[in-house]
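Only one structure is covered here, and it is reproduced in the block below.
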Amino acid sequence: MAFLELEHVSKWYGTYRANDDITFGVEPGRLFGVLGPNGAGKTTLLRMITRILLPDQGRILFNGEPLRIEHQQRIGYVPEERGLYKNLTVLDNLQYFAQLKGLSAPTARERAHWWLQRMDARGWEKKKVRELSKGMSQKVQFIASVLHQPPLLVLDEPFSGLDPLNVEVFLDVIAELRSSGTTILFSTHVMEQVEQLCDDIVLINRGRIVEYGSLRQVKARYGIRRLELEFDGDDSFLDRLGAVTILERRDHSAAIELSGGLPQAQHIIAEALQHTMLRRAECVEPTLREIFIETVRRTQPQEIAA
Amino acid sequence: MNAAWIIARHEFVSRVRTKGFIIATVLAPLGILLLVALPIVLSQLEVSAPHRIAIWDESGRNLAAKLIAADTAVFVQAQEPPSKLRAKVLAEELTGYLLIPRNALERDSVVLFTRGGGGLGLHEAITSAVRDVFRRERLLLHGADTALISVIEHRTKIERVKVTAERTERDQTALLTGIGYLLSFVVYTLLFVYGGIVMRSVLEEKTNRIVEILASSARPFDIMLGKITGVGAVGLFQLVLWMVLTAGVFALVGTALISMSGAATHMEALTYYRTQNNDIATVLLQPPSISLGQIAAFVFFFLAGYVFFSTLFAGIAAAADTEQDIQTLQAPVSIFIVLPILTVPLIMNAPDSTLAVVLSLVPMFSPILMVMRLFATEVPWWQVAASVVLMVIATFGAIWLAGRIYRIGILRYGQRPSFRQILRWIVSG
């Protein structure tokens, strides 16, 4: 059974539907990506999952029970924009937010020290938040969300504004948490990270789900549609292939759209072998980025026309 | 542990340990001491730097001598003619000179030459001295004998005695009215100070997006309630510290002040006694009889008023996006703090009038006006009870109202909502 389930969840502001009939489940211990372009309704969705907002329709189940205020104690949340008291120290911020999640002050402080070390932030305890850089406060914000060891962690655009070194630190920690059984749900529009990280994804556009499933399933659904070749020798065989679309063509490589499936691929590879010294031939799945762009365009016809 | 409680405790602790709080708490009683002591000290200094008014008398009735006898500290006999006196005034050797013309009594006028300024006090002193001397002189001219004159000039003392069921005691209405006046201003100031703190801190949490973290751990209503409780506890704590510190400071230096002030004091509340020819020193030594009930009522109305207004301020800040929004949105609430303070002089003069009774029963006015009346007069118990009940009802109403605005407003960003929109939030909830 899914750890977190959304059933026909809708939320609207006036007549504007921020979320419309959203249904999906998040399996325990998985890394679940919520993808979508800006303004798709990701943040509203995450706010309902963290019970900051209540759905206007539908229901959310946490571990099989309808989501209640008490469940907030078992959810960690990092909002998109950092929210820390600028005039308080890092430690005071962390202690306060952990206390709100039900920790005692000593436990909160003890874990805060441990986490600050883990996140390469040793010695920040007494620093005022106003002295921190954006990346630094992002780390503090993240620590605030995990001190109470929540089984569900919700991250809204966790990597935005981080330098590559810090992204690595975050990726490490997230992988660690996941392997220790934490279910992690995060939103992003950076597709490369999703390909690297996610087990499952839901892609939403204009408040509605347009793709949902494990990364494998989603990719499989779009099928193998691209043949990449690398070769030494004369590339003129490409011109004799007949009715194929050549997506990219360089001196010693080409990418060809596969519309005829495996037989077509075999035919083209045979041609290449015959006329050139073939070094590599690969049938490639579409990247998530391609799926994303295609899906968003497909579900947004008016805007393309405009 | 309850979230509202954790929030309240955090608000209290993080505010009480700031330098600002400590400084304000210690400085305020010293400020009050300064306010009381300064006029007394200054009145002592005044003797060493007196005003000097030379009198040039052409009346031939020896009016100058009589004026000098009336106030030797100020008036001196002019030794030179007015033309030279003028130079002395300009050289600041004299404050001014008084010219009593030949027919001064008939024309009933004299002329005072100064460089201007000098204060109203000096002016009043000269005027009353001249009038007293002239009246006496005219009475003599019309054949009145000195015995009659002293009868006319006699001032009747009014000893004010208050009758209560238990005993007869000295009536301290004037002093108590002064205290009520002071306390109603304290309530007024604290409503704005602490309402402002709540408002700014709600806005800070909203603009810094801290509220999203809070809302992922607690109900918006608990967040609001916790904040108001915490800040209110700071206010109450400060008030108690002020009362204790002020009492302590006066216990230490009060006697010194009294002996220094002697019979003359500028303390406003005590001027009433001076006009009644009471002995100031004994009054000062005899503390005003303030009952525990009065103190309890003051604390209740301060707290209820604080909760009433600061929840509304919290709702306003939640609906706002910027400081400017707050300025616009708070006006319809702030007006109810300002209005009663404008009627305080009215209530002070006639605390038992129908208008006073009605105004002090209006819930948002009673924190200021009922406090005023409780000290200025004997308020019937049913009026106190009615205002307490009304205030409690109004406060719960304000919490309900502000809670609905807060819940929706706190996560909304962008344009400032109109009053119509806020009304819709309240209704649709």
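With r as the distance between the Cβ atoms of residue A:68 and residue A:149 and R0 = 25 Å, compute the FRET efficiency 1/(1 + (r/R0)^6) and round to 0.05. Before the final figure, lay out the partial values.
Details: r = 19 Å, r/R0 = 0.77.
Efficiency computed from Cβ-Cβ geometry: 0.80.
Using only the alpha-carbon atoms of the protein assembly as shown as identical scatterers, what base-10 log of I(q)/I(0) does the Debye formula give at q = 0.06, 0.07, 0.08 Å⁻¹?
-0.61, -0.73, -0.84
So which trypsin sites (Lys or Arg not before Pro) in segment B:1-40 end up in coil per DSSP with only 16 or fewer other C-beta atoms within 10 Å?
Working: sites: B:9, B:15, B:17, B:19; in loops: B:17.
Answer by residue number: B:17.
What are the ³J(HN,Hα) couplings of segment A:78-87, residue after residue, when phi is run through the Karplus curve with 6.51, -1.76, 1.60 and θ = phi - 60°? Round to Hz, x for glycine and proline.
Going residue by residue, I get 10, x, 5, 9, 5, x, 9, 6, 5, 8 Hz, with x marking Gly and Pro.
Could you tell me which of rounded, prolate or oblate describes segment A:224-284, using a ≥ b ≥ c as the square roots of the eigenvalues of the alpha-carbon gyration tensor, with rounded for a/c under 1.5 and, failing that, prolate when a/b is larger than b/c and oblate otherwise? Walk me through the intermediate numbers first.
Numbers: a/c = 1.43, a/b = 1.41, b/c = 1.01.
Rounded shape, in that the Cα axes give a/c under 1.5.
What number, in percent, do you get for the relative contact order of segment A:25-75 if the mean sequence gap of Cα pairs under 8 Å and at least 6 apart is divided by its residue count?
Working: 21 pairs, mean separation 10.9, N = 51.
Over segment A:25-75, the number comes to 21 percent.
So what J values fall out for segment B:7-14 if you push phi through Karplus, 6.51 cos²θ - 1.76 cosθ + 1.60 with θ = phi - 60°, rounded to Hz, Gly and Pro as x?
5, 4, 5, 4, 4, 5, 4, 6
Taking R0 as 35 Å, what's the FRET efficiency between residue B:93 and residue B:189 from their Cβ-Cβ distance, rounded to 0.05?
Working from the Cβ atoms, E equals 0.15.
Search the structure for amide H atoms under 5 Å from the amide H of residue A:11, placed 1.01 Å from N in the peptide plane, and list their residues when 5 or more places away or on another chain.
A:18, A:19, A:20, A:21, A:56
With charges only on Cβ, +1 for K and R and -1 for D and E, what is the dipole size of segment A:187-306 about its Cα centre, in debye, rounded to 20? Walk me through the intermediate numbers first.
On the way: 15 positive and 20 negative charges, 107 e Å.
In total the dipole reaches around 520 debye.
Sort all Cα-Cα distances of segment A:4-220 into consecutive 10 angstrom bins from zero, then give the percent of pairs in each bin up to the one containing the longest distance.
Percent of Cα pairs in each bin: 8, 34, 36, 19, 3, 0.
Run the quick spin-label model on residue A:269 and residue B:244: label points 7 Å from Cα toward the beta carbon, then report their separation in nm to one decimal.
Computed distance between label sites residue A:269 and residue B:244 equals 8.7 nm.
Angle check, please: helix A:288-298 long axis (alpha carbons) against the longest principal axis of chain A (alpha carbons), in degrees 0 to 90, nearest 10.
With rounding to tens, the tilt is 90 degrees.
Please give the average number of partner chain Cβ atoms lying within 10 Å of the Cβ of each residue in B:215-226, rounded to a whole number.
Numbers: counts 9, 18, 18, 4, 3, 1, 0, 2, 1, 0, 0, 1.
Average neighbour count from other chains, rounded to a whole number: 5.
With unit charges on the beta carbons (Lys and Arg positive, Asp and Glu negative) and the dipole taken about the Cα centre of the protein assembly as shown, which residue among B:346, B:197, A:73 sits farthest to the positive side?
B:346
Can you give the helix-only mean residue ellipticity at 222 nm for chain A, where every DSSP H stretch with n ≥ 4 adds -39500 (n - 2.57) and the sum goes over all residues, rounded to the nearest 500 deg cm²/dmol? Intermediate results must be reported in sequence, preceding the final value.
On the way: 10 runs with 108 residues, N = 306.
The helix-only estimate for chain A comes to -10500 deg cm²/dmol at 222 nm.
List the relative contact order of chain A as a percent without decimals, with contacts defined as Cα pairs under 8 Å and 6+ residues apart.
Numbers: 534 pairs, mean separation 60.8, N = 306.
Normalised by residue count, the contact order of chain A is 20 percent.
Using Stokes-Einstein with the Kirkwood hydrodynamic radius over Cα pairs, what translational diffusion coefficient do you get for segment B:51-151 at 25 °C and a viscosity of 0.890 mPa s, in µm²/s rounded to a whole number?
On the way: Rh = 14.1 Å.
D, rounded to a whole number, is 174 µm²/s.
At 7 Å along Cα-to-Cβ for each site, give me the label-to-label distance between residue A:281 and residue B:419 in nm.
With each label placed 7 Å out from Cα toward Cβ, I get 7.9 nm.
With unit charges on the beta carbons (Lys and Arg positive, Asp and Glu negative) and the dipole taken about the Cα centre of the protein assembly as shown, which residue among A:177, B:392, B:295 sits farthest to the positive side?
Of A:177, B:392, B:295, it is B:295.
Where does each of B:141-152, B:299-310 land if you order them by average Cβ count within 10 Å, highest first? Provide the component values of the computation, followed by the final result.
Numbers: B:141-152: 10.2, B:299-310: 23.2.
Result, highest mean Cβ count within 10 Å first: B:299-310, B:141-152.
Cα-Cα over 23 Å: which of A:134/B:19; A:128/B:206; A:127/B:19; A:11/A:134?
Values: A:134/B:19 28 Å; A:128/B:206 19 Å; A:127/B:19 18 Å; A:11/A:134 31 Å.
Distance filter (> 23 Å) returns A:134/B:19; A:11/A:134.
Hey, for a label at residue B:61 modelled as a point 7 Å past Cα toward Cβ, could you say which residues of segment B:114-152 have their backbone N under 17 Å away?
Backbone N within reach: B:127-146, B:149-150.
Take each of the peptides A:65-74, B:360-369, average the number of other beta-carbon atoms within 10 Å over its residues, and list them starting from the highest.
On the way: A:65-74: 14.6, B:360-369: 24.7.
Listed from highest to lowest mean packing, they are B:360-369, A:65-74.
Going by alpha carbons, how many degrees (0 to 90, nearest 10) lie between the helix axis of A:261-275 and the longest principal axis of chain A?
The angle comes out near 60 degrees.
List the residues whose amide H sits under 5 Å from the amide H of residue A:226, counting only those 5 or more places along or on another chain, with H placed 1.01 Å from N in the peptide plane.
The answer is A:258, A:284.
Dipole size in debye (nearest 20) for segment A:224-284 around its Cα centre, Lys and Arg Cβ +1, Asp and Glu Cβ -1? Don't skip to the answer; put the middle values down first.
On the way: 7 positive and 11 negative charges, 40 e Å.
Around 200 debye, computed over segment A:224-284.
Per residue of segment B:364-381, what does 6.51 cos²θ - 1.76 cosθ + 1.60 with θ = phi - 60° give for ³J(HN,Hα)? Whole Hz please, x for Gly and Pro, Karplus curve as stated.
3J(HN,Hα) across segment B:364-381, in whole Hz: 6, 8, 4, x, 9, 7, 5, 4, 4, 5, 4, 8, 7, 8, 8, 7, x, 4.
Compute the distance from the alpha-carbon center of segment A:93-114 to that of segment B:387-429, in whole Å.
33
Report, as an integer, the average count of C-beta atoms from other chains found within 10 Å of each Cβ along B:203-210.
Details: counts 0, 3, 2, 1, 1, 7, 7, 10.
Across the residues of B:203-210, the mean count of other-chain Cβ atoms within 10 Å is 4.
Dipole size in debye (nearest 20) for segment A:4-220 around its Cα centre, Lys and Arg Cβ +1, Asp and Glu Cβ -1?
Details: 27 positive and 26 negative charges, 137 e Å.
Using only the charged Cβ atoms, the result is roughly 660 debye.
Using 0.36 nm times the number of residues separating residue B:349 and residue B:381, minus their current alpha carbon distance, what extension gain do you get?
Going from the current span to full extension adds 9.4 nm.
Taking every residue in A:46-55, how many Cβ atoms of other protein chains lie within 10 Å of its Cβ, on average? Mind showing how you got there, number by number?
On the way: counts 1, 4, 0, 1, 4, 4, 10, 2, 0, 0.
Taking the mean over all residues of the peptide, I get 3.
Over what distance in Å are the Cα centres of segment A:169-239 and segment A:1-47 separated?
First find each Cα centre; the distance between them is then 19 Å.
Laboratory data are not the source of any read-out in this text; all were calculated from the coordinates shown. These figures come from a predicted structure and were not determined experimentally. Methodologically, a virtual Cβ is constructed for each residue, glycine included, from the backbone with ideal geometry; neighbour enumeration extends over all protein chains shown.
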